[in-house]
1. For segment 55-74, state whether one or more residues are within 10 Å of the ligand (Cβ to nearest atom), buried (at least 20 other Cβ atoms within 10 Å of the Cβ) and within 20 Å of residue 31 (Cα to Cα).
2. If residue 107 satisfies every condition in (1) in contact (Cβ under 8 Å) with a residue 12 or more places away in the chain; (2) more than 14 Å from residue 36 (Cα to Cα); (3) within 12 Å of the ligand (Cβ to nearest atom) but one, which is the exception?
3. Quickly run through segment 80-91 and pick out the residues that are more than 9 Å from the ligand (Cβ to nearest atom) and either in contact (Cβ under 8 Å) with a residue 40 or more places away in the chain or buried (at least 17 other Cβ atoms within 10 Å of the Cβ) (or both).
4. Kindly indicate whether any position in segment 44-54 is within 6 Å of the ligand (Cβ to nearest atom) and in contact (Cβ under 8 Å) with a residue 24 or more places away in the chain.
5. Of (1) surrounded by fewer than 13 Cβ atoms within 10 Å (Cβ to Cβ); (2) more than 10 Å from the ligand (Cβ to nearest atom); (3) farther than 20 Å from residue 117 by Cβ, residue 94 satisfies all except one. Which?
Ligand code: HEC
């Protein structure tokens with residue numbers, strides 16, 4: 001990971017699909033990733049299969065309790081150095097999410113915006 005890539009990821013907000021039903025001219029463009037719309041669904045789909053029961057970061061699928069379990073692995077000052085990001089993209093364990101993928105970027109975007117339970 002070069003400093004430029006880090007910067008690019010930092011500056012790139014998640015481009016989550018907003019659907020086609022918004023009113024014309026509405027701002028349906030870039031927004032920071034949110035816990036409920038972006039990050040928690042990724043964790044449920046890509047991580048919970050292993051991360052349950054006696055595992056570290058044991059997830060249940062409940063957004064509120066999963067938030068408390070995940071927050072200790074975040075790093076809002078340096079999202080790419082978070083255990084959450086490093087684990088997901090293969091620096092701390094087997095790569096689950098490709099670096100630079102939309103899902104990995106959602107983690108970064110969410111942490112850069114404060115890792116809020118939003
Ligand atoms: C194939 C099984 C598997 C999947 C899928 C998986 N993990 Fe893990 N994860 C592990 C195992 C096993 C450990 C504990 C041993 C280790 O750190 O290698 C772990 C540890 C972790 C830790 C704790 C690391 C530490 O240093 O305490 C975090 C955070 C983590 N995983 C995040 C994730 C995230 C985020 C995802 C989904 C994007 C994910 N994992 C998907 C198996 C998995």
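1. The answer is no; no qualifying residue exists.
2. (2)
3. The answer is 80, and nothing else.
4. Yes, the conditions are met somewhere in segment 44-54.
5. For residue 94, the failing item is (2).
All of the numbers you see were taken from the coordinates with simple rules; none came from a lab. Owing to the predicted nature of the structure, the values given are computational and were not obtained by experimental measurement. Reconstructed Cβ throughout: ideal geometry from the backbone, glycine too, with neighbour counts over all protein chains shown.
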